[in-house]
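The values are calculated or read from the model by the stated rules, or taken from the named source; none is laboratory data. Because the structure is predicted, anything quoted here is derived from the model rather than measured. Note that each Cβ is placed from the backbone with ideal geometry, even for glycine, and that neighbours are counted across all protein chains shown. These area figures cover heavy atoms from the full protein model, side chains too; ligands, DNA and RNA do not enter into them. Shrake-Rupley method; radii C 1.70, N 1.55, O 1.52, S 1.80 Å.
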Amino acid sequence: VIESPTQRGGGAKIEKTMVEINISEIAGQCVVGLTGDVDLSCSSLVRDALMEKIGQTAITVVDLAGVEMIDSSGVASLVEGHQQAKKRGSRLVLVACGPTVLKGLQLANLDDVFEISGSLEDALGSGA
């Protein structure tokens, strides 16, 4: 079940059964907040949201604080976002990777590929 995007607090909100995507602008930078599970059933929504927003601001922050699980398709969406940011001359920064998400990135040897920040404030202060 895919719900239509709704506007709340100036940001678009897209919902699907397993993941919620909240897009907002903070300190002039795009923040894509994910909540729930990012798996094959919804990773294309995550990818589409990232592709739409990357390059519109100098930094696109992906806030993973609410992500409980991410599978290889979700990681692939992040990798594609990272590559697209480089092509567009911007940066993709992952924030608040919980232990499960971080372990998945480490197992795939991607923790050194991504720019990972401990907090939203640190990510926005790193180049905003």
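Worth pointing out:
- Among the residues making up segment 63-74, those that are open to solvent by less than 20 Å² (accessible area, probe 1.4 Å) and farther than 19 Å from Q29 by Cβ are V67, G74.
- Hits in segment 106-128 (condition: part of a loop (DSSP other than H, G, I, E, B) and free of Cβ contacts under 8 Å to residues at least 12 places away in the same chain): N109, D111, D112
- Residue in segment 88-105 that is modelled with pLDDT of 95 or more, part of a helix (DSSP H, G or I) and open to solvent by 10 Å² or more (accessible area, probe 1.4 Å) present: no
- Tabulated pairs, segment 44-72, first within 17 Å of D122 (Cα to Cα), second basic (K, R), C-beta under 6 angstrom, 6+ apart or interchain: I59/R91; T60/K53
- Restricting attention to segment 38-72, the residues that are in a helix (DSSP H, G or I) and over 13 Å from the mean Cα position of the chain (by Cα) add up to 1.
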